[in-house]
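Okay, so here's the structure we're looking at.
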Amino acid sequence: MDNGSVGGLWPPLVRTEYVIILRHCLKTTKRLGESMVGSIVLFGPPGAGKGTQAGRIVELTGKPQVSTGDMLRAAVKLGSPMGMAAKEYMDAGLLVPDEVIIGLIQERLQEDDAGQGVLFDGFPRTIPQAESLEKIAIVSSVISIEVPDDAIVDRIVGRRMDPETGEIYHIQFKPAPPEFEGRLIQRPDDTEETVRSRLDAYHTQTAPLADWYSERGLLIRIEGNASIEQVGKSVESAISRVF
Ligand code: AMP
């Protein structure tokens, strides 16, 4: 006998209760849907460990990493006119002009793998970049890795890269296996003088973005002056709050 419940098995529900439950389900699905397709911004000074933590976020969310620094370095390596122009800014520790960066991002977001949102690493770095991004993508959260300047200088000046594997080492904190030591290189913009310029650029042009995103309720601050594992745990818990 049908007592008004679905299939006669569940306790009877009146019509209004079905409507309330249905509305709740639709709202929840929409919220999840929105955040799943949204992008994440990884924010912080140069050398805060964004690149290292990006790998973890890619594993957790499946979103592709979009690093403007890597894209620019690839253009420099290719020797393209844009790469050559960008190199002068990069070597001096200055930000590459907004129009160049915004053009790069617009192109990248048209690729198929960007449909569900991406992980931005090193972008946006100015308020005009963030304003342009707002027009072309949904940002679900901004994870800010916070590290004091002196710790940054120690980290960056000792940083070395293995050109064959792309692995990043540090002469003090993460020494490479002895057999790889001979082939390690230092990025040309990883000298103390350039690091100080990059930190200046960060404080004057990029740091104001933290308030900009905080006003929009998107900023999650993480203590970055800790071990890679500890920072990784904080990043994981930030991601699980959003996705
Ligand atoms: P990164 O590897 O993210 O530290 O970037 C290396 C350099 O590339 C920076 O010091 C800037 O000169 C340039 N760069 C990377 N991303 C941006 C950006 N979003 N806006 C302006 N310049 C950038």
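The values are calculated or read from the model by the stated rules, or taken from the named source; none is laboratory data. Given the structure is predicted, the values throughout are model-derived calculations rather than measurements. Cβ coordinates were reconstructed from backbone atoms using ideal geometry, including for glycine residues, and neighbour counts include every protein chain displayed.
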Practice task
Report yes if some residue within region 233-241 is among the hydroxyl-bearing types (S, T, Y), in a helix (DSSP H, G or I), surrounded by 15 or more Cβ atoms within 10 Å (Cβ to Cβ) and touching a strand residue (DSSP E or B) at 6+ places or on another chain (Cβ under 6 Å); otherwise report no.
Solution key: yes
Problem - So I143, is it of a type outside the set (F, W, Y) and modelled with pLDDT of 95 or more - result: yes
Completion exercise
Within region 151-185, the count of residues that are surrounded by fewer than 14 Cβ atoms within 10 Å (Cβ to Cβ) and either among the aromatic types (F, W, Y) or under 11 Å from G47 (Cα atoms) (or both) comes to 1
Exercise for the section: Being touching a helix residue (DSSP H, G or I) at 6+ places or on another chain (Cβ under 7 Å) and not assigned by TED's automatic domain parsing to the domain that holds L219 narrows it down to one of Q110, Q106, so name that one. Expected result: Q106
Exercise for the section: Identify the residue in region 177-201 that is assigned to a helix (DSSP H, G or I) and near the ligand (Cβ under 9 Å from one of its atoms) and, among all such residues, is farthest from P163 (Cα to Cα). Expected result: A201
Exercise for the section: Please find, within region 71-90, the residue that is nearest to G224 (Cα to Cα) out of those that are surrounded by fewer than 14 Cβ atoms within 10 Å (Cβ to Cβ) and within 12 Å of the ligand (Cβ to nearest atom). Expected result: A74
Problem - Candidate set from region 45-64 (those that are more than 11 Å from the ligand (Cβ to nearest atom) and surrounded by 18 or more Cβ atoms within 10 Å (Cβ to Cβ)); member that is modelled with the lowest pLDDT - result: G49
Exercise for the section: Please indicate, with yes or no, whether at least one residue in region 108-125 is touching a Pro at 6+ places or on another chain (Cβ under 6 Å), within 30 Å of G217 (Cβ to Cβ) and within 11 Å of the ligand (Cβ to nearest atom). Expected result: no
Exercise for the section: All but one of (1) surrounded by 15 or more Cβ atoms within 10 Å (Cβ to Cβ); (2) more than 15 Å from the ligand (Cβ to nearest atom); (3) under 27 Å from L94 (Cβ atoms) hold for I220, so report the exception by its number. Expected result: (3)
